[in-house]
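Okay, structure first, notes after.
The values are calculated or read from the model by the stated rules, or taken from the named source; none is laboratory data. The shown structure was predicted, so the numbers you read here are calculated from the model rather than taken from an experiment. Glycine also receives a Cβ, built like all others from the backbone with ideal geometry; neighbour counts cover every protein chain displayed. We work out accessible area using only protein heavy atoms, side chains counted, and drop any ligands, DNA or RNA first. Shrake-Rupley method; radii C 1.70, N 1.55, O 1.52, S 1.80 Å.
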Amino acid sequence: ILGEHLRICPQGYTCCTSEMEENFANKSRSEFEAMMKEAGRSVQVTLTAQHRSFDSYFQDLLNKSEKALYDAFPSMYGELYTQNMKVFKDLYSELRRYYRGSNINLEEALNEFWTHLLERLFKLMNPQYHITDEYLDCMVKHAEQHKPFGEVPRDLKVKATRAFIAARSYAQGFLVGSDVVKKVSQVSLSHECTRAIMKLMYCPHCRGMSSVKPCNNYCLNVVKGCLANQADLNTEWKYLMDSLIVVADRIDGPYNVDTVIGTIHMRIAEAISNLQENKDSITAKVFQGCGNPKISTKSSSSEDKKRRGKVALEAKSSAQALEMLVLDAKGNLTALKTYWITLPSSLCKKVMASSAADDKCWNGMTKGSYLPEVMGDGLANQINNPEVEVDITKPDMTIRQQIMQLKIMTNRLGNANIGNDVDFQDASDDMSGSGSGDSCPDDVCGKRLSKSPSTRQPETHAIPKQSGHGINGASSRSLPSAFLLLLSVAFIAAQHLWR
């Protein structure tokens, strides 16, 4: 029949009624969106599997260290352990909470552990004295110079904080990547794209050419036009993948989680041994600085009755398992780097488009060659797209938000790479004003971020909410930054006027 009634397909002779054309349009739309979600799901599966593998490995390391402590310490230290079990349990609990995303200052948590342990052990090792809380406060103030636990607290703080910061950021990076893909894959097609996809996939049927497949370059122009906003994720997505790879190297290298996390119990045992061996000299120094405490009237067991048996504490290395985890992750991350710009080609293969040289393919009007050139990637390159009308002045806001989430996570990984902590709370302090392509992976990013690990409060950035991960909250922390910015502008203006 004559095709004057058709709104999408060429209006020559046709096999389709208006209703059939509408049905084909709906069918092509649902099929294309399903292909998009399926492609996204495969990426999500890869990223969540990597997260699950590392998370399981890391939690297992922590659990084994805690179990080794619980198994060995009673026979090693007797009452020193049994009367202070809560101090050790609280430490491991805090470490787990931090790793899972709680807003905890890790260095402060470790400092509190050593302080509480010292207070308890000092009282237990001097049972003949009545030691008040005020006296303990004085003793703690002198502890830094006496180093009752030797160099262990300082050494463990440096190594553990770096390892935990890297591990937490690394695990979170996989979840953020997966979350971005999920949200972007749910972005629906525009009206213009629905028409273009219908013309690509089902107009050949209306022309009686159901066996003729779309020309490959024709398909690429349609899909690049429809996924122009998605392609703009490419730069930040690549930076995230690169940053995860670099932090993976840190986890299996300088910040080796197997060595650090798997030996926490051994370092604690070493610290307690240092205290026991130097008990007399440390006690004398404390008495000298804080005065002699009163003799206790309560009868107490002698310190000599406490056991000091040497129990072999071992850390079963899982370095090979960590190495395999990192190698597997790096392979997958490298493969995913170009996901957003190779997506059009992948989808066109599923549409079974013909090769570019084929002159017997569907070119949008009839069976023949497709002459227009293929557009570039991204929104800005679609201004002259011959197949899809794309308004390059109106970017998709959902996708722009996800680009910002990628920037935030990449920045966090850049900090983790150099041992600096970042919270999940307030996006106002993050890369405000940075344009697309401004952020960068690790060694590039790290150099322009914080300079060295320190005890300062962690920086804060918003992270997409995950089940059991991250902390939501808002604050006015950006006000000081805004105020300083205004002062800077005023100062520059004053200089200009003075000249």
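The distance separating the Cα centre of the range 218-283 from that of the range 154-190 comes to 9 Å. If R0 is 30 Å, the Cβ-Cβ spacing of Asp71 and Lys279 corresponds to a FRET efficiency of close to 0.75.
Evaluated at q = 0.12 Å⁻¹, the base-10 log of the normalised Debye intensity for the range 20-175, with identical point scatterers placed on the Cα atoms, takes the values -0.68.
Here the Karplus relation 6.51 cos²θ - 1.76 cosθ + 1.60, evaluated at θ = phi - 60°, turns the backbone of the range 321-337 into coupling constants of 5, 5, 4, 5, 4, 5, 4, 5, 4, 4, x, 5, 5, 4, 5, 8, 3 Hz, with x for every Gly and Pro. At q = 0.13, 0.14, 0.16, 0.20 Å⁻¹ the log10 of I(q)/I(0) for the range 326-410 amounts to -0.66, -0.74, -0.90, -1.14, computed by Debye summation with a single uniform scatterer per C-alpha, solvent ignored.
Listed values for the range 380-394 are Karplus-derived 3J(HN,Hα) couplings in whole Hz (6.51 cos²θ - 1.76 cosθ + 1.60, θ = phi - 60°), namely 4, 7, 9, 4, 10, 5, x, 10, 10, 7, 10, 7, 6, 8, 10, and x replaces Gly and Pro.
The calculated FRET efficiency for the pair Lys350 and Arg400, based on their C-beta separation and a Förster distance of 22 Å, comes to about 0.20. By a 1.4 Å probe calculation restricted to protein chains, Ser318 has an accessible surface near 30 Å², given to the nearest 10.
Restricting things to Cα coordinates, could you compute the convex hull volume per residue of the range 93-219 in Å³? Show your work: numbers first, answer last.
Numbers: hull volume 24.0 nm³, N = 127.
Taking the convex hull of the Cα positions in the range 93-219, it is 189 Å³ per residue.
Other residues whose C-beta falls under 11 angstrom from the C-beta of Asn217 contribute a net charge of -2, scoring Lys and Arg +1 and Asp and Glu -1. Among residues other than Gly368 with Cβ under 10 Å from its Cβ, the summed charge is 0 (Lys and Arg +1, Asp and Glu -1). Among the listed pairs Lys86/Lys159; Lys123/Lys294; Lys183/Lys349; Lys86/Lys141; Lys159/Lys337, which are separated by more than 21 Å between their Cα atoms? Exceeds cut-off: Lys86/Lys159; Lys183/Lys349; Lys86/Lys141; Lys159/Lys337.
Cβ-Cβ distance of Ala319 and Lys147, R₀ of 35 Å, FRET efficiency by 1/(1 + (r/R0)^6): the value works out to about 0.70. Based on the alpha-carbon gyration tensor of the range 175-285 and its eigenvalue square roots a ≥ b ≥ c, which shape applies: rounded if a/c is under 1.5, prolate if not and a/b is larger than b/c, or oblate? Prolate shape, in that a/c is at least 1.5 and a/b is the bigger ratio. Close amide H contacts of Tyr129 (hydrogens built in the peptide plane, cut-off under 5 Å, sequence separation of 5 or more or a different chain): Ser296.
The residues neighbouring Glu151, those whose beta-carbon lies less than 11 Å from its own, together hold a net charge of +2 under the Lys/Arg +1, Asp/Glu -1 convention.
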